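Chemist: Encoded as structure tokens, here's the structure I'll be asking about.
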Amino acid sequence: GTELGSTLGATDSPGMRIPGLASDGPDVFYRFTATSSQMRVDTLGSDIDTSLAVYSGCGGTLLGSNGDFEGTPQSQVSLSGLTVGNEYIIQVDSPAGIAGTFALQILESQAPPANNACNSNAGFTSLPVTLNGSTEFATDLSSPIEGGSGPEVSYRVAVSSAGNLVVETGGSLFDTVVYVRRGNCLGTQVGYNDNFLGRPTSRLVLEGLAADDYFVFVDSKRPADRGNFQVTLSTTLAPLNDTCATAANLDIPSTVTGSTEFAADDGNVNESGCGSIGPEVVYTFTLDTPQRVTFDTIGSEFDTVLYLKKGACGSDTVVACNDDAIAFASVIDDFEDSPLPAGTYNLYVDGNNESGNFVLNSAFLGEVETPTITNTPTETPTGSLTETPTETPTGDLTETETPTPTMTDDGGPTETPTSTFTSNDVNGDQIVDIYDLLILVGQRRTGIIDPEMSADFNNSGKIDPTDLLYLASEWESNPNGSGE
């Protein structure tokens, strides 16, 4: 089993220094009962640099010790010849000044798995196949070009004709590394993957393999990374539009479905708030004229990223990008109002550390409506201006007509000619209005020149519209009277 412990607050036991190891730091002790004659004790994966010792009892014989196992700062001790049922003492120590948490694991030792050492035994010719295994008691006999010191196992896959090979370790319980060699156990490495989509598990997609034997290794980078795993070997083909060079044509508007599950991760963007680390597929379309368009992945089964590039494959010109506009769905709506210019574009359906089935919706909103501007010209007189004189009461009125202005088109604003009739301004206030009419009628009726006396028909002491009403009433009752 595994015991989580700590040396924080513990003290050093000077009389229990482990020979040959830095063990003058704080230490703690555990007692366990042997369930097998062969046991393994380790602190692999702990947070601190440990030193480990196992004794036959308190003050008993030192049975085994270890400081830095296979280059790690943790420890592992393999024991044999134990008496089943007897108790044994474990000392977890550390160098001076180091204290912290650790994981202590005690297991019954087992022989390494048969496929720990790579060999050419019967392999797999029929795929897909899913295998469960363990590297818990495997040893480090092989490493990829990229390096690593973890234990590994291997499988041989016979490819009878040119095809593909997909290796996945999803569901494994430790941080895996996978790599493939061609021909034999020491052959040329043809593929490698670690931390697919940023996860501790791996996925490797090899396309267009020639017919041959291929050796698949399930490994890890560190000795502490070991345990149970699940590996799936298949020949599932990548999507046809896996790359920009093989992009599928996109009709707008449309709704298309697809999957990035077996696509390669060979196109990413790092736009602000829009990073994509995952396999992607590509769609292409051409606009002959500027258009208002939208794209979204609403309805997809994973966290998608959408980005749009303009021009030929290999172009880094990202014109739009979106991640998580609506929950995990992506929406590009940059061109609802401002149109997307004419040209050829590549639309990428990518993932944010994920892959899976997606829905791609595109909407074509039509060409941009260009508003028609209608100029309403100002009506200007042409030629001579004909003035319609205001109709005035019959009398000896002399109308002074303002001369017709001469118009010259100088490209500026057109001036509207103004006529004034100074003779109608009876009261001299520079305004021709009803008061002038009242005064004029009063003068003709009474012969009195003074406007204040001639126009105050109702004797109210002031001239206002009530005088006109009074005059109208008088005329109605005596239409043939004076002043008609």
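Since every read-out is calculated from the coordinates, none of them should be taken as a lab result. Source: prediction; values computed, not measured. A quick note on method: Cβ atoms are made from the backbone with ideal geometry, for glycine too, and the neighbour counts reach across all protein chains shown.
Chemist: Enumerate the calculated ³J(HN,Hα) couplings along the stretch 89-104 in order (Karplus 6.51 cos²θ - 1.76 cosθ + 1.60, θ = phi - 60°), each rounded to whole Hz, writing x wherever the residue is Gly or Pro.
Modeler: Once θ is set to phi - 60°, the couplings for the stretch 89-104 become 10, 10, 10, 9, 10, 6, x, 4, x, 10, 8, x, 8, 8, 10, 9 Hz.
Chemist: For the stretch 129-234, just run the numbers: alpha carbon Rg, then divide by 2.2 N^0.38 Å, N being how many residues it has.
Modeler: Compactness ratio reported: 0.98.
Chemist: For Val281, list long-range residues whose amide hydrogen, built 1.01 Å from N in the peptide plane, is under 5 Å from its own amide hydrogen.
Modeler: Val349
Chemist: Taking amide H positions as placed in the peptide plane 1.01 Å from N, state which residues far from Gly64 in sequence (5 or more) or on other chains have amide H under 5 Å from it.
Modeler: When sequence neighbours closer than 5 places are left aside, the close amide H contacts are Val54.
Chemist: Quick one: what does P(r) look like for the stretch 244-367 with 5 Å bins over all Cα pairs, in whole %?
Modeler: Whole-percent P(r) values from 0 Å outward: 2, 12, 24, 27, 21, 10, 3, 0.
Chemist: What is the Å³ per residue value for the convex hull set by the Cα atoms of the stretch 2-108?
Modeler: Each residue corresponds to 89 Å³ of Cα convex hull volume.
Chemist: While we're looking at this one, here's another question. Would you kindly derive the ³J(HN,Hα) couplings of the stretch 27-34 from the backbone phi angles with the Karplus curve 6.51 cos²θ - 1.76 cosθ + 1.60 (θ = phi - 60°), listing them in order in whole Hz, with x for Gly and Pro?
Modeler: 3J(HN,Hα) across the stretch 27-34, in whole Hz: 9, 9, 10, 10, 10, 9, 9, 5.
Chemist: Near the amide H of Val269, under 5 Å away, which other amide H atoms are found, from residues 5 or more places off or on another chain, if H is placed in the peptide plane?
Modeler: Amide H to amide H, under 5 Å and 5 or more residues apart or across chains, Val269 pairs with Ser276.
Chemist: Now for a separate question. Please turn the phi angles of the stretch 279-293 into ³J(HN,Hα) values with the Karplus equation 6.51 cos²θ - 1.76 cosθ + 1.60 (θ = phi - 60°), one per residue in order, whole Hz, x for glycine and proline.
Modeler: Rounded to whole hertz, the list is x, 9, 10, 10, 10, 10, 7, 10, 10, 7, 9, x, 9, 9, 9.
Chemist: As I understand it, the dipole of the stretch 152-303 uses +1 on the Cβ of Lys and Arg and -1 on the Cβ of Asp and Glu, about the Cα centre. Which of Ser172, Asn241, Leu204 lies farthest toward its positive end?
Modeler: Of the listed residues, the answer is Ser172.
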